[in-house]
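The values are calculated or read from the model by the stated rules, or taken from the named source; none is laboratory data. Quick caveat: nothing in here was measured; it's all calculated off a predicted structure. Reconstructed Cβ throughout: ideal geometry from the backbone, glycine too, with neighbour counts over all protein chains shown. For accessibility, only protein heavy atoms count, side chains too; no ligands or nucleic acids. Shrake-Rupley method; radii C 1.70, N 1.55, O 1.52, S 1.80 Å.
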Amino acid sequence: MKAAVWYGHKDVRVEEREIPVAGSGQVKIKVEYAGICGSDLHAYHHGVGIQEGENHPLSGQKAPLTLGHEFAGTVSELGSDVSGISVGDRVVVEPLYHCGKCEYCIQGRYNQCTEFGFVGLNGDGGFAEYVVVEAYMVHPLPDNVSFEEGALVEPTAVAFHAVRHSKLKVGQKVAVYGAGPIGLLTILSAKAAGASTIYAVDVFEERLNLAAKLGAIPVNSAKVNATEVILQQSGGIDVAYEAAGVQPTMDSAVAVVKKGGEVVVIAAIPNPLQVNFFDLLVKEANLTATLAYRHIFPEVISLIAEGVLDVKQVITKKIKLDNIVEEGLELLMSDKSHAKILVEIGAE
């Protein structure tokens with residue numbers, strides 16, 4: 001089979017690999033569509049996030065590894081001790097490794113497992129014609145949800161978890177910093193949760209145009225002072241979602257929230273940022289962060305199936321697996337007009 005395999009910094013190769021076999025408690029999936037995530041970009045461009053040096057305790061794997069953790073497909077093989085899943089099922093994968101035994105897993109907070117990991121970063125992932133995953137990762141995909149939409153369940157879950165984890169109430173005002181895929185999906189999620197007004201802050205006009213189509217008020221912080229504009233128009237924000245992860249957006253997020261408001265960090269911020277804690281103190285505002293998701297895939301899938309979350313709107317390009325480096329991993333760094341690029345692997 002073909003697979004896009006990470007060997008090192010700026011070294012992803014589309015090559016032939018043996019088709020994997022499902023072991024005990026595992027499921028083999030014929031991948032149809034897979035999305036390119038910011039984590040894939042970090043792995044390719046910066047060499048970070050990939051399991052190197054020693055095998056991951058749960059996957060038993062290390063680099064070179066097949067990338068890809070946002071994917072959907074069809075069950076093609078079941079290992080022993082698997083129930084409730086059948087060959088031919090249309091499915092989406094919740095790609096979190098968790099042990100089920102540590103204190104966090106026992107509490108139901110499996111996204112904070114002490115041996116936490118991602119399919120596609122800590123074990124072979126979905127940029128391949130076939131992938132083997134643990135049965136506990138598999139969720140059924142309704143017939144009225146396409147495989148393209150299925151590939152967007154994972155990033156939507158990131159955004160929806162952040163919104164559900166926040167203190168947002170129906171009718172409140174929101175600002176989303178960063179209009180990349182996660183920011184756009186946060187706009188959709190906040191809208192579904194009842195936000196009355198949503199500001200989208202970014203420096204790229206193409207992304208802001210997408211945000212506007214989703215119902216947000218675009219603010220180009222390269223052209224105006226975003227903090228002043230939002231405060232002048234809104235009088236203050238109830239919840240600010242930080243999906244950009246740079247100092248100016250963090251500063252503005254803290255500045256625009258009301259007294260008793262909240263800043264929710266979604267972005268995986270690679271470098272330390274400063275936070276104006278005096279401003280938070282005076283406002284008695286909250287600063288929190290969310291990691292991935294937990295217990296949320298079924299709800300996200302249902303909301304997509306019901307048309308509440310129209311995730312197709314964030315898809316800007318589809319490419320073939322053979323072209324994943326040039327038309328995906330490289331393009332997303334140079335052309336900011338794109339939001340979510342999907343890789344057609346089996347395709348419908």
Select from GLY171, GLY126, GLY53 the residue whose mean-square fluctuation is largest in a Gaussian network model of the chain (Cα-Cα springs shorter than 10 Å).
GLY53
Cα-based Rg (one decimal) and Dmax (whole number) for the chain, in Å?
19.9, 61
For region 52-135, averaging the sequence separation of alpha carbon pairs under 8 Å that lie six or more residues apart and dividing by its residue count, the contact order in percent is 36
Give the Debye-formula value of log10 I(q)/I(0) at each listed q (0.14, 0.16, 0.23, 0.32 Å⁻¹), with one equal scatterer per alpha carbon of region 287-334, two decimals each.
-0.64, -0.77, -0.88, -1.08
Prolate/oblate/rounded label for region 172-294 (Cα gyration tensor, a/c 1.5)
rounded
Using all Cα-Cα distances in region 96-235, what percent lands in each 5 angstrom bin from 0 up to the longest?
2, 9, 14, 16, 16, 13, 12, 10, 6, 2, 0
Return the distance in nm (one decimal) between the two label points of a simple spin-label model at ASN323 and SER302, each offset 7 Å from Cα along Cα→Cβ.
3.9
Per its Cα gyration tensor (rounded if a/c is under 1.5, else prolate when a/b beats b/c, else oblate), region 247-297 is best filed as oblate
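How big is D, in µm² s⁻¹, for region 136-198 by Stokes-Einstein at 25 °C and 0.890 mPa s if Rh is the Kirkwood radius over C-alpha pairs? Please report the intermediate quantities before stating the final value.
Details: Rh = 12.6 Å.
My calculation gives 194 µm²/s for D.
Count charges around LEU168 for me, please; just the other residues with Cβ under 13 Å from its Cβ, Lys/Arg as +1, Asp/Glu as -1. Mind dumping the intermediate values first?
Numbers: positive: ARG164, LYS167, LYS169, LYS173, LYS191, LYS258; negative: ASP238, GLU262.
Around LEU168, the charge tally is +4.
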Summed residue charge, Cβ within 13 Å of LEU208's Cβ, Lys/Arg positive, Asp/Glu negative:
+1
Put PHE204, PHE278, PHE160 in order of accessible area, largest first, probe 1.4 Å, and you get PHE278, PHE204, PHE160
To the nearest Å², the heavy-atom accessible area per residue of region 139-183 with 1.4 Å probe amounts to 32
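Taking Cα pairs under 8 Å and at least six residues apart, what relative contact order does the chain come out at, in percent? Please report the intermediate quantities before stating the final value.
Details: 825 pairs, mean separation 63.5, N = 348.
The value is 18 percent.
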Using the Cα atoms of region 51-164, I'd like the radius of gyration and the largest Cα-Cα distance, Dmax, both in angstrom.
14.3, 43
Please compute the modelled spin-label separation between ASP335 and HIS9, points set 7 Å along Cα→Cβ, answer in nm with one decimal.
2.7
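For region 159-292, give the magnitude of the charge dipole about the Cα centre (Cβ charges: +1 Lys/Arg, -1 Asp/Glu; no others), in debye to the nearest 20. Walk me through the intermediate numbers first.
Numbers: 11 positive and 10 negative charges, 84 e Å.
With only Lys, Arg, Asp and Glu charged at Cβ, the dipole is about 400 debye.
Could you work out the Kirkwood radius for region 3-115, taking every pair of different alpha carbons, averaging 1/r and inverting it, reported in Å?
Working: mean 1/r = 0.0635 Å⁻¹.
Final number for the Kirkwood radius of region 3-115 is 15.7 Å.
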Under 16 Å Cα to Cα from LYS213, which lysines show up? Leave out anything in the same chain fewer than 8 places away.
LYS191, LYS312, LYS340
Could you compute the net charge surrounding THR249? Neighbours are other residues with a C-beta less than 12 Å from the C-beta of THR249; K and R count +1, D and E count -1.
-3
